[in-house]
Amino acid sequence: MKAIIMDEKAIFRAVSRISHEIIERNKGVEDVVVVGIKTRGIYLGQMIADKIRQIENIKIESYSLDITDYRDDLETKTLHRSEAQSEKKELKFSIKGKKVILVDDVLYTGRTVRSAMNALLEYGRPSGIQLAVLIDRGHRELPIRADYVGKNVPTSIEEKVKVLLAPYDAESMVAIY
């Protein structure tokens, strides 16, 4: 490990700030849904939805999205597309006309987000998709930019950014390796 760049308190502060920014930009949360990209994006999405509920006293829906079948790098992994049986259609609603807040832990090349947008469009045509990430580390390969960022972390390509989030992980922190 090279450095811890966010501890649990810093993560909660970033989630709180992102939640406030979502409310402000959308002038409330009417027709807003939060969709977290599996795995840690799900926990971040739920944290954001919970914080918005605390602030606005309105429950907004929070869902998970498995993008395994939409990735463009499956042939380079040990899984083959025919063997990649993702959890089928985790969204139990239509996103038609909704403002979707897509949530992921780290924005890097942009390929995960592109895959997630392709997957989302199978659930309808939203009025818009906004991207919220805990960490933006740069090195984009696609023209994708986050609307809400917890922390910008300049990194080299050789470095790895690892996000740990309880309850999925034993503790909550962000570190560079």
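The values are calculated or read from the model by the stated rules, or taken from the named source; none is laboratory data. These figures come from a predicted structure and were not determined experimentally. Note that each Cβ is placed from the backbone with ideal geometry, even for glycine, and that neighbours are counted across all protein chains shown. Side chains are part of the model used for accessible areas, which takes the heavy atoms of the whole protein and leaves out ligands, DNA and RNA. Shrake-Rupley method; radii C 1.70, N 1.55, O 1.52, S 1.80 Å.
Please determine whether any residue of the range 128-140 is under 25 Å from Lys2 (Cβ atoms), out of contact with any Cys (no Cβ under 8 Å at 6 or more places or on another chain), assigned to a loop (DSSP other than H, G, I, E, B) and among the charged types (D, E, K, R).
Checked against the condition, which is being under 25 Å from Lys2 (Cβ atoms), out of contact with any Cys (no Cβ under 8 Å at 6 or more places or on another chain), assigned to a loop (DSSP other than H, G, I, E, B) and among the charged types (D, E, K, R), the range 128-140 yields at least one hit.
Return the total of residues in the range 94-111 being in contact (Cβ under 8 Å) with a residue 60 or more places away in the chain and crowded, with 23+ Cβ neighbours inside 10 Å.
6
Just one of (1) open to solvent by less than 40 Å² (accessible area, probe 1.4 Å); (2) in a loop (DSSP other than H, G, I, E, B) trips up Arg145, so point out which.
Here Arg145 meets the rest and fails (1).
Looking at Ile11, is it closer than 23 Å to Ser127 by Cβ, surrounded by 17 or more Cβ atoms within 10 Å (Cβ to Cβ) and not polar (S, T, N, Q)?
no
Hey, can you tell me all the residues within the range 29-55 that are among the polar types (S, T, N, Q) and either closer than 29 Å to Arg71 by Cα or in contact with a strand residue (DSSP E or B) (Cβ under 6 Å, 6 or more places away or on another chain) (or both)?
Once the filter is applied, which keeps residues that are among the polar types (S, T, N, Q) and either closer than 29 Å to Arg71 by Cα or in contact with a strand residue (DSSP E or B) (Cβ under 6 Å, 6 or more places away or on another chain) (or both), the range 29-55 yields Thr39, Gln46.
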